[in-house]
Every structure is written in C-alpha cells, then in structure tokens.
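Everything below concerns the one structure shown next.
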Amino acid sequence: MPSIYTQIGEIIRQLRENYPAGRLSQDALAEKIGKPANTVSRWETGTYKTTPEDLDKLSRFFRVPISTFFPLADDMSEVSPMLTSALRGLSGEDLDEVIRYAQFRKVRHKLESRSTKKAT
C-alpha cells in the first residue's frame, strides 16, 4: 500500500492536471502558492511530506475541502501521524472544535448515505 504522502502527491498531480482553467505545470502551481517548483515535484512523488499549512494553501487554491487530500485508508495508522502533526500546538478549545467538527461530518455522512439509499 502506498504511503499517505504518495497518495496525497497523486491527488495534487490530479488536481493540477485537471485544473478547470487548464492544466497547470508544476512551475505554475508552485508560483501561485509561493513554493519552489521542485517542492511541487517532490510532493507529487511523495519525496517531500506536505505540511498542514501546505495542504491548506492547496485546498484554498484548488477550492476543494482539505479532506480531499486524505483518501480513505484501510490502515488508519498511516493517517494518525498526519492528524497528530496537524493538531500539534492547538489549544484545548481548538481541539474540542476539531472533534465536534469530525463528529458532525460523521453524522452528516450517515444522513447523506441514508437519503441516497431512500432515493433509489
């Protein structure tokens, strides 16, 4: 199974190549988000690990939810280090907010799944 960073790199490449305004080169994407071009290349190959700040910039640029970069993994142990890194330094109040949001997303997903089943 590829690492979470390899999966994220593949998603970055797909977003870049399928950009609605036309395919973006690695150089063009790098310029738009203020990173060196070789960094984008290394993200896409999984050589460099994206930081939460990088993912935030990318999600804002591509106008996709940050969750886009976290494909469902069979092995949650690969997701745990990324989440731990993203949560590091948050206050207790911020951590509570993140947990509430995760719970909200789970409930929302269940409701959407039920409504889809009823519609068929």
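The values are calculated or read from the model by the stated rules, or taken from the named source; none is laboratory data. Note that the structure is a prediction, hence the values are computed from the model and not measured. Because the Cβ atoms are built from the backbone with ideal geometry, glycine has one as well, and the counts that use them run over all protein chains shown.
A few comments on the model shown:
- Candidates Glu112, Glu17, Glu53, Glu97: the one that is of a type outside the set (A, V, I, L, M) and at pLDDT 90 or above is Glu17.
- Taking each residue of segment 79-101 that is closer than 14 Å to Lys49 by Cβ and looking for partners that are surrounded by 11 or more Cβ atoms within 10 Å (Cβ to Cβ) with beta-carbon atoms closer than 7 Å, six or more apart or interchain, yields Val79/Ile4; Val79/Phe70; Val79/Ala73; Met82/Ile4; Ser85/Pro52; Ala86/Pro52.
- The criterion of at least 3 residues that are without any contact (Cβ under 8 Å) to a residue 24 or more places away in the chain and of a type in the set (Asp, Glu) is met by the following helices (runs of 4 or more DSSP H) wholly inside segment 4-75: 52-62.
- Screening Gly89 with (1) in a helix (DSSP H, G or I); (2) out of contact with any Pro (no Cβ under 8 Å at 6 or more places or on another chain); (3) at pLDDT below 90 gives one miss only, at (1).
- From the options Val40, Val64, residue that is at pLDDT 95 or above and aliphatic (A, V, I, L, M): Val40
- Scanning segment 8-18 for residues that are over 14 Å from Thr47 (Cβ atoms) and surrounded by 15 or more Cβ atoms within 10 Å (Cβ to Cβ), we see that the one that is farthest from the chain's Cα centre (by Cα) is Arg16.
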